[in-house]
Amino acid sequence: MASEAVQWGCCINKHGIDIEEKSLKCPTCGKYYHCAYISLKKPPNDINTWKCPSCKSSSSKAYRNDSIPIRNVSTSRGSKRQVAGSPSPPSLPNDINDIHVVIREIIQEEFSGMLVKMNETIISTINQELEPQKKEMQGIRDSISFMNDKFEDIKKEQQSSNKRETLNYEINDKDILHCTRIAKTNPSSTRPRSIVVQLASTRLRDQLLAAVVNYNRINPQKKLNSSHLGYAGLKSPVYVVEHLSPNNKALHAAARIKAKEMNYKYVWVRNGKIFVRKSEGAELIQIRNKNSLSKII
């Protein structure tokens, strides 16, 4: 059977292909066709009624009432070859679940893109609408900062004016060489740390000390306090004295205690030296060390 010469409708069988397994015979024209050419995976159930593509075309034309020619189907051309380098055609989904997954992914991608565009549009619109408010708020902040600076300047000027009017003594910024706070002798004390001020000359120092002493003598019920410096609230006394070394500071405290016990009226410091006097016109006593405390009698 394989060597029998047969007439092929799709090609010329030069290799003796098995007719029964690889091809079909059209009962109408008697030609053989390869199953691969006519896209048949297996022979049809009724081979006697099967027709080749050419016979099907001829039958359709015979039964038509018009004379429109039927396109001639070439039987010599096989399946198209894929162009070299061209991308392979996309594979179709196997079942309905794959289709659902593909549709869902497409919708998610489109929706994500829409959300991004909507967010950008909304943010841009809001920024444009809020731009005037932002400028207005910045102007308000600048005005508040300017008023705060002016208030601080006025406050400092007022404090300086109060101090100058209270003591009847004026001191300028150029007269102050340096100022700083020092550590407390007793860390548990609630009193603020002392401030040490270095003035430009001893003359200025003596004048300031004399002005404070004079004011406290004239106003014994309203001695120099925090209200005179422009601080509201509880009035705290302000002491203006010469800065002493730790040893002299302890000696000064001991001298004040002893003078109070012996009813001495005056205790003061001048040029780092400690003096006491029992009454107006009495002889002054210099306290040089602890042994000098015995002179206070």
Taking the range 254-278 on its own, how many of its residues are acidic (Asp, Glu) and surrounded by 15 or more Cβ atoms within 10 Å (Cβ to Cβ)? 0
Can you spot a residue in the range 230-253 that is surrounded by 15 or more Cβ atoms within 10 Å (Cβ to Cβ), touching a helix residue (DSSP H, G or I) at 6+ places or on another chain (Cβ under 6 Å), closer than 25 Å to Thr180 by Cβ and in contact (Cβ under 8 Å) with a residue 60 or more places away in the chain? yes
I'd like the residue in the range 174-201 that is part of a strand (DSSP E or B) and of a type outside the set (A, V, I, L, M, F, W, C) and, out of all such residues, is farthest from the chain's Cα centre (by Cα). Gln198
Restricted to the range 167-196 and to residues being β-branched (Val, Ile, Thr) and closer than 16 Å to Leu229 by Cα, the residue surrounded by the most Cβ atoms within 10 Å (Cβ to Cβ) is Ile171
When (1) loosely packed, with under 12 Cβ neighbours inside 10 Å; (2) at pLDDT 85 or above are applied to Leu208, the one that fails is (1)
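The values are calculated or read from the model by the stated rules, or taken from the named source; none is laboratory data. It should be emphasised that the depicted structure is a prediction, and the values quoted were computed from it without experimental measurement. Neighbour counts are summed over all protein chains in view; Cβ atoms, including those assigned to glycine, are modelled from backbone coordinates with ideal geometry.
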